[in-house]
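Have a look at the structure below, then the notes.
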Amino acid sequence: MINGTNNNNVLVQIRDLSVVYHTRLGPLSAVDDVSFDIFRGEILGVVGESGCGKSTMGKALMRMIDRPGEINNGQIIFDGEDIMTFDAHRMRDFRGRKVSMIFQDPMTSLNPVQRVDEHIIEAIQVHEPKTKKTSALDRARGLIEKLGIQSRRLRDHPHQLSGGMRQRVMIGLGLVLNADLIIADEATTSLDVIVEAKLLDQLRDIRDTLNKTILLITHNIGLVAELSDRIAVMYAGRVVELGSIYDVFDTPLHPYTRGLLKSVPNIRLDEDEALYKMPGEPPNLTHPPAGCRFHPRCPEVMPICSKIAPRLETARPNHLVHCWLYQEHPEKETPTVAVKS
Ligand SMILES: Nc1ncnc2c1ncn2[C@@H]1O[C@H](COP(=O)(O)OP(=O)(O)OP(=O)(O)O)[C@@H](O)[C@H]1O
Ligand SMILES: [Mg+2]
């Protein structure tokens, strides 16, 4: 049940989450009023154009939004507890032990003066102070070899590794603490296709054997299709569609999702169709459009769309969409589209 409360299958409940960055040009609404659940043991793919708020949302789930940003509204209920109420000490323990993030940019996330083994041992000992250095090192060795790096490279500094190796070290750091939720933010973008395929297999393995939950943030819809159970489509700071891979790819409901799928080679439902180019540009989030943020680009726009934002609501079983085409409202003049379930 996607909208359920206190459901044992739900690991994280995100409710009314908003994040703003206070920029020189005014507040930038990077995530706006987002509510959805992450199920235990699922791989949930998060897709959307650059700048739509994917990384911001991922970081918000760990309360890692730094200035000039802030979470200005919402609840994040992890395993029944609202992490927004945690103090700094509890939050530090929560990060790493319960949720860990594999970051987009390894060069800025790794400390250039620390060797690889020191990074991993430190990550273990911060969260597990009783673990001895030798056993932390053993764990580091096992992990790094599993990720296809020879253990002698543990003595290297980040700049001595190739970009792909650095990325694998980042993935190792994300996995070493055995967190319940792993947020992989473009974690495989800089890897070549063979290494990428191997790592994706490992992510799937981790989910299957350890029953971890993975939030897979990526531009690459093909990757999401291959690996994820469900997909969340983001547009301009909002989740506009959420459902199983099968449902969303087979019956995309939101006009944005439809455009997005038509614009991706190999994913298009009709191979003969020319590659679609979505008209217009994503909005400037310091001045987002009123109502539905997609309305200026939407081929099916209605008068209500520029006035009131729809909610992310169930349109078909377990398939949610943020669109007036599928929701009733007294101000809406056109009848809603009936969707087959
Ligand atoms: N530190 C910051 N200060 C000001 N604005 C920011 C900051 N970080 C992100 N933003 C803005 O917030 C919005 C969302 O950015 P975010 O990085 O979350 O997008 P994204 O979907 O992860 O993009 P990409 O696919 O390029 O990684 C963008 O408009 C971005 O410019
Ligand atoms: Mg990003």
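Since every read-out is calculated from the coordinates, none of them should be taken as a lab result. If you're wondering where the values come from, they're calculated on a predicted model, not measured in any experiment. Counting neighbours? That spans all protein chains shown, and the Cβs are built from the backbone with ideal geometry, glycine included.
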Identify, by number, the condition in (1) among the charged types (D, E, K, R); (2) loosely packed, with under 15 Cβ neighbours inside 10 Å; (3) on the phi > 0 side of the Ramachandran plot; (4) part of a loop (DSSP other than H, G, I, E, B) that residue 67 doesn't meet. (3)
Within segment 53-69, considering residues that are of a type outside the set (Asp, Glu) and more than 11 Å from the chain's Cα centre (by Cα), the one farthest from ligand 1 (Cβ to nearest atom): 63
Tell me, which residue of segment 15-72 that is touching a Phe, Trp or Tyr at 6+ places or on another chain (Cβ under 7 Å) and within 16 Å of ligand 2 (Cβ to nearest atom) is farthest from residue 233 (Cα to Cα)? 69
Looking at segment 209-229, is at least one residue more than 13 Å from ligand 1 (Cβ to nearest atom), among the hydroxyl-bearing types (Ser, Thr, Tyr) and touching a residue at least 40 places away in the same chain (Cβ under 8 Å)? yes
Got a number for residues in segment 28-52 being within 7 Å of ligand 1 (Cβ to nearest atom), among the small types (Gly, Ala, Ser) and assigned to a loop (DSSP other than H, G, I, E, B)? 3
For segment 80-94, check the following and say yes or no: at least one residue is within 16 Å of ligand 2 (Cβ to nearest atom) and touching a residue at least 40 places away in the same chain (Cβ under 8 Å). no
State whether the residues of segment 146-159 include one that is of a type in the set (Val, Ile, Thr), in a helix (DSSP H, G or I) and farther than 20 Å from residue 213 by Cα. no
Counting only strands (runs of 3 or more DSSP E) entirely within segment 215-324, those with at least 2 residues that are within 16 Å of ligand 2 (Cβ to nearest atom) are 230-235, 238-244
